[in-house]
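*Asks:* Here it is, the structure, as structure tokens.
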Amino acid sequence: MKVPFHWLNEYVDLSDVTPQQLAARLNSVGVLVEQIEDRNPGITNVVVGHIRSLAPHPNADRLRVAQVDVGGERLLQIVTGATNVEQGSVIPVALIGAKLAGGKQIKHSKLRGLESEGMMCSADELGIPGKDLPVEQREGVLLFLASTPPGADALELLGINEVVLHLEPFANRPDTLSMLGIARETAAALGRPMRPIPTDLQESQAESTDRRVAVEVVDSALCSRYTARIVEGVKVEATPLWMSGRLHAAGLRSVNNVVDITNYVMLETGQPLHAFDLNRLTGNRIAVRPAASHERLVAIDGTDCKLDERTLVIADEAGPVAIAGVMGGLHSEVSLQTTTILLEAATFNAASVRRTSTRHVMRSESSRRFEKGLDWHGGDFASRRAAFLLATICGGKVAPGMASAGLNAPSQVSVVVRTARIDGVLGTHVPPDRVEAILRSLGFEVVPLSPGQLQVKVPTWRSDVRREVDLIEEIARHHGYDNIPASLPRGVTLPGRTHAIDREEENIRDILAGIGLYEAITLSLLAPQAYERLRWESDRDLQIVNPLVADQGQMRTTLIPHLVAAACHNLRVRAESVRLFELSKVYTASTSSSPTAASSASTASDGSHLPPGGAAVSEARRVAVVMAGPQIDFFAMKAVVASLFNRLGISVNTIRPEGAVRPTLHPGKVATLKAPGCEQAIGFLGALHPAVLADLDVEREIIVAEIDLDAVLALRASAGAVGYRPVSRYPEVQRDLALTVSEDVLCGDVESVMVAVAGQNLTGVRCFDVYRGPQIPEGH
């Protein structure tokens, strides 16, 4: 929220307070000021001038000589080449000695023999971007309204001398998205009264609004209140520069006086408004209803919106004229030909506006405020304020009354607060009169009930205050957190405990790090193309509908892609070897979460692919290892996995995968991990397929493994703690056995037989060499 300092001064007297002092005070009461921006880039000595006469230059065809009243004792002679000024024009004048944007300095000069005592200024020379101005003000000298007094500070009128406070609004305080909301906090923080805002209307004798326009709310759950007011005889023209200057400082561009008034009141009160050209609406009935699936609307910004039943619209008898709470339609917008305004003020459902603005990719200042939830009563005040300005600035005549529809006004919330409870929560004594003063300064009504109790009526704009503790928070903020004495907590303290699963995970990390692996931490989102590069079938149900980053559009179902990418990067930068592991979570929508080598995309229980959005997403813990380098092969990965399970005290068999092998892996260098007595595999290990390595442009073999950590932890729980076993008194004996076997005999089968026969005295067995040659029969 951008808060111009001089604009804020209209509501609270800040004549003796600097912006820096105000920022410090607001920060002390919990209103975060992130930045103080001085909008003046060094421009000085620019005032308002009235052109009293304008004559051709005697020595130049394209120059004219103006006599300009700048509020001094005499008129100034200024030679100009501007074509958009005439006698009577009111313009900004840079006096002798003035500095303009870009460092230009105005000096006494002669143009074709005539003295020039200043310069008429364009927007560019005053550092105002053209995009922030109406089209008619973008070329030539800036023009003020005729009522602007000569000699006035033009920099003040244009908002150039403004200092802007950038505030971080409270997430649950929609009222702080308004100048009045910040003014209330400022008045309370400084202990000063609020200045009144003029809203007195002199309504015309015309037919009342509710007789000329009927308003209907079809779904009151999506729109709790809709009001319309008619203003006739409006003259649409350029906005007074004092108003457009404030809008520029607050971050909005100027359009015309009618549109700018609605934006000005929105920033002032926090209530978005919309002005329709009444003569461009069809019929005399306005309906707030869900759109039909066949309807379309061209928005003010030119976007052609395809509507459906999820979109709440404002419609006349011909169809939608605005998307409720988001943006108006191009057909009914205010133009230079507009003379009669239908002024809308409404309260829409916050969640509905949020969904609509996101779906149509239309974020606006209006939707930003509606999404926070607005005060039901705020529409009336904002409508009266805007009608007052339309009558004052645009010469409009306000028709009597207004048309309205929707729910009845909600009852005002009342909360009882106890002074003893205040002291107990804050840990310090706050005098009762101080409590009352703080609450009243923030707009609360306070009525003493009994000694030690106060009945507090919550203002309708404070939707965040519903409990006693909410009021105590308000008291704490404005009493001052620095005034609460620091004290150490009292009571019995107990040592913290680590969850059993966390202890097991740390143990596994320690084991893998002790083996010589390095832990990696990767993102839980990745691009679908990451699976395609590995020829890894992924679960399409887990794609993100609206990802923040294009290459992070899917929730990961495995840890392998990110680790392989990290390994490839290290190999490309000439790392000698890569030994990485990651212990983290993956996401699955399938009925099975075990990462078997033969598993495919997520399927339902009948084998069909799960429909998008039809399966529940669950988390699963995995540990994955990726290795590459000299002397690193399938057996090296097998040794790492065996060491891990051995340290964990779990018996796991390495067997040939059943069925087809995942195309990511080499069909001759892959294995499935199974625990004795378990049907379901708990992991796999294998080398990447040569075709995958070619796609990755990597020459060195990469070995991967992934283990279902949830299954491992379950096995650990059933196996119990790993007990201590004394070291044997006898030295270890190693034997090299050379066996002649048929080529179709698996190494794992040989090992299984040895383990079964040798019994408990066997500590380990591994295949370390395979030989084929003349001394061995063919096929063996």
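*Asks:* Could you list all residues from the stretch 410-450 that are open to solvent by less than 50 Å² (accessible area, probe 1.4 Å), among the charged types (D, E, K, R) and over 12 Å from VAL469 (Cα atoms)?
*Replies:* Hit for the stretch 410-450 is GLU436, nothing else.
*Asks:* Which of (1) modelled with pLDDT of 85 or more; (2) open to solvent by less than 30 Å² (accessible area, probe 1.4 Å); (3) over 20 Å from TYR518 (Cα atoms); (4) not in a strand (DSSP E or B) does SER594 not meet, given it meets every other one?
*Replies:* Only one criterion is unmet by SER594, namely (1).
*Asks:* If you scan the stretch 391-407, which residues turn out to be among the aliphatic types (A, V, I, L, M) and farther than 23 Å from ARG285 by Cβ? Explain how you work it out, then say what you get.
*Replies:* So the first thing to find is which residues in the stretch 391-407 are among the aliphatic types (A, V, I, L, M), and the list is 391, 393, 398-399, 402-403, 405, 407.
Matches in the stretch 391-407: ALA391, ILE393.
*Asks:* Every residue in the stretch 509-561 that is among the small types (Gly, Ala, Ser) and either over 21 Å from MET637 (Cβ atoms) or in contact with a Ser or Thr (Cβ under 7 Å, 6 or more places away or on another chain) (or both), please. Steps first, please.
*Replies:* We begin by selecting, within the stretch 509-561, every residue among the small types (Gly, Ala, Ser); these are 513-514, 516, 520, 524, 527, 530, 538, 550, 553.
Hits for the stretch 509-561 are SER524, ALA527, ALA530, SER538, ALA550, GLY553.
*Asks:* Scan the strands (runs of 3 or more DSSP E) fully inside the stretch 610-725 and keep the ones with 2 or more residues being under 25 Å from ILE501 (Cβ atoms) and either open to solvent by 30 Å² or more (accessible area, probe 1.4 Å) or out of contact with any Leu (no Cβ under 6 Å at 6 or more places or on another chain) (or both).
*Replies:* Values: elements: 618-628, 653-655, 665-674, 683-688, 702-708.
Here the list reads 618-628, 665-674, 683-688, 702-708.
*Asks:* Given the criterion open to solvent by less than 50 Å² (accessible area, probe 1.4 Å), assigned to a helix (DSSP H, G or I) and free of Cβ contacts under 8 Å to residues at least 60 places away in the same chain, identify the matching residue among GLY748, GLY779, GLY773, GLY759. Please lay out each step first, then the result.
*Replies:* Numbers: GLY748 fails: free of Cβ contacts under 8 Å to residues at least 60 places away in the same chain; GLY779 fails: assigned to a helix (DSSP H, G or I); GLY773 fails: assigned to a helix (DSSP H, G or I).
After applying the criteria, what remains is GLY759.
*Asks:* If I ask for residues that are without any contact (Cβ under 8 Å) to a residue 60 or more places away in the chain and open to solvent by 70 Å² or more (accessible area, probe 1.4 Å), which ones from the stretch 457-484 would you list?
*Replies:* LYS457, ARG466, ARG467, GLU473, ASN483
*Asks:* Here's another thing I want to ask about it. Please tell me if THR282 is β-branched (Val, Ile, Thr), free of Cβ contacts under 8 Å to residues at least 40 places away in the same chain and either in a loop (DSSP other than H, G, I, E, B) or touching a helix residue (DSSP H, G or I) at 6+ places or on another chain (Cβ under 7 Å) (or both).
*Replies:* On the way: β-branched (Val, Ile, Thr): yes; free of Cβ contacts under 8 Å to residues at least 40 places away in the same chain: yes; either in a loop (DSSP other than H, G, I, E, B) or touching a helix residue (DSSP H, G or I) at 6+ places or on another chain (Cβ under 7 Å) (or both): yes.
So THR282 fits the description; yes.
*Asks:* Mind checking whether some residue in the stretch 71-89 is at pLDDT below 95 and closer than 30 Å to GLY480 by Cβ?
*Replies:* no
*Asks:* Any chance you could count how many residues in the stretch 176-203 are over 23 Å from GLN21 (Cα atoms), at pLDDT 90 or above and either in contact with a helix residue (DSSP H, G or I) (Cβ under 8 Å, 6 or more places away or on another chain) or buried (at least 18 other Cβ atoms within 10 Å of the Cβ) (or both)?
*Replies:* Residues that pass the stated criteria total 1.
*Asks:* Also, quick follow-up: Does the stretch 536-545 include one or more residues that are over 19 Å from ALA589 (Cβ atoms) and either free of Cβ contacts under 8 Å to residues at least 40 places away in the same chain or outside any loop (DSSP other than H, G, I, E, B) (or both)?
*Replies:* Step one: filter the stretch 536-545 for residues over 19 Å from ALA589 (Cβ atoms), giving none.
Among the residues of the stretch 536-545, not one is over 19 Å from ALA589 (Cβ atoms) and either free of Cβ contacts under 8 Å to residues at least 40 places away in the same chain or outside any loop (DSSP other than H, G, I, E, B) (or both), which makes the answer no.
*Asks:* Of the residues that make up the stretch 273-293, is at least one open to solvent by 10 Å² or more (accessible area, probe 1.4 Å) and at pLDDT below 90?
*Replies:* Yes, the conditions are met somewhere in the stretch 273-293.
*Asks:* Related question: Just name the residue that is surrounded by the fewest Cβ atoms within 10 Å (Cβ to Cβ) out of those in the stretch 238-249 that are under 29 Å from the mean Cα position of the chain (by Cα) and of a type outside the set (A, V, I, L, M).
*Replies:* HIS248
*Asks:* What are the residues in the stretch 631-662 that are touching a helix residue (DSSP H, G or I) at 6+ places or on another chain (Cβ under 8 Å) and within 21 Å of TRP536 (Cβ to Cβ), if any?
*Replies:* ARG656
*Asks:* List pairs: first in the stretch 39-51 and touching a residue at least 24 places away in the same chain (Cβ under 8 Å) and on the phi > 0 side of the Ramachandran plot, second surrounded by 23 or more Cβ atoms within 10 Å (Cβ to Cβ) and of a type in the set (Gly, Ala, Ser), Cβ under 8 Å, 6+ apart or cross-chain?
*Replies:* ASN45/ALA94
*Asks:* Which of the residues belonging to the stretch 485-531 are polar (S, T, N, Q), surrounded by 12 or more Cβ atoms within 10 Å (Cβ to Cβ), out of contact with any Phe, Trp or Tyr (no Cβ under 9 Å at 6 or more places or on another chain) and not in a helix (DSSP H, G or I)?
*Replies:* Within the stretch 485-531, THR522 is the sole residue that qualifies.
*Asks:* Then there's this: Within the set of pairs 6 or more residues apart or between chains, which connect a residue that is hydroxyl-bearing (Ser, Thr, Tyr) inside the stretch 118-129 to a residue that is modelled with pLDDT under 90 and surrounded by fewer than 20 Cβ atoms within 10 Å (Cβ to Cβ) with Cβ atoms less than 7 Å apart?
*Replies:* SER122/GLY140
*Asks:* For the stretch 204-237: of the residues being outside any strand (DSSP E or B) and under 34 Å from the mean Cα position of the chain (by Cα), which is surrounded by the most Cβ atoms within 10 Å (Cβ to Cβ)?
*Replies:* Taking the candidates together, the pick is LEU222.
*Asks:* May I pose another question? Before we move on, is THR303 open to solvent by 50 Å² or more (accessible area, probe 1.4 Å), modelled with pLDDT under 95, of a type in the set (Ser, Thr, Tyr) and within 29 Å of LYS372 (Cα to Cα)? Full working, then the answer.
*Replies:* Values: open to solvent by 50 Å² or more (accessible area, probe 1.4 Å): yes; modelled with pLDDT under 95: yes; of a type in the set (Ser, Thr, Tyr): yes; within 29 Å of LYS372 (Cα to Cα): yes.
Judged against the criteria, THR303 is a match.
*Asks:* Further, regarding this structure: Scan the stretch 387-427 for residues that are touching a residue at least 40 places away in the same chain (Cβ under 8 Å), closer than 30 Å to GLN205 by Cβ and in a helix (DSSP H, G or I) and jot them down.
*Replies:* Selection gives ALA387, PHE388, LEU389, LEU390, ALA391, ILE393, CYS394.
*Asks:* Now a separate question. Looking at the stretch 574-586 only, could you name the residues that are part of a loop (DSSP other than H, G, I, E, B) and either under 37 Å from the mean Cα position of the chain (by Cα) or of a type in the set (Gly, Ala, Ser) (or both)?
*Replies:* Residues of the stretch 574-586 part of a loop (DSSP other than H, G, I, E, B): 574-577.
Within the stretch 574-586, ALA575, SER577 meet the criteria.
*Asks:* Hey, among the residues in the stretch 35-58 that are closer than 25 Å to GLU86 by Cα and in contact with a helix residue (DSSP H, G or I) (Cβ under 6 Å, 6 or more places away or on another chain), which one's most open to solvent (accessible area, probe 1.4 Å)?
*Replies:* Ranking the qualifying residues of the stretch 35-58, first place goes to VAL47.
*Asks:* Residue under question is GLY30, and the condition is that it be under 25 Å from ALA249 (Cα atoms) and assigned to a strand (DSSP E or B); does it hold? Step through it out loud before you land on a result.
*Replies:* Working: under 25 Å from ALA249 (Cα atoms): yes; assigned to a strand (DSSP E or B): no.
Answer is no for this residue.
*Asks:* Return the pair list, or none, for Cβ contacts closer than 9 Å from residues in the stretch 485-509 that are in contact (Cβ under 8 Å) with a residue 24 or more places away in the chain to residues that are assigned to a loop (DSSP other than H, G, I, E, B), at least 6 apart or on different chains.
*Replies:* PRO485/GLY427; PRO485/THR428; SER487/GLY427
The values are calculated or read from the model by the stated rules, or taken from the named source; none is laboratory data. Source: prediction; values computed, not measured. Using ideal geometry, Cβ is built from the backbone for each residue, glycine included, and neighbour counts are taken over all protein chains shown. Quick note on the areas: whole protein, heavy atoms, side chains included, nothing else; ligands and nucleic acids left out. Shrake-Rupley method; radii C 1.70, N 1.55, O 1.52, S 1.80 Å.
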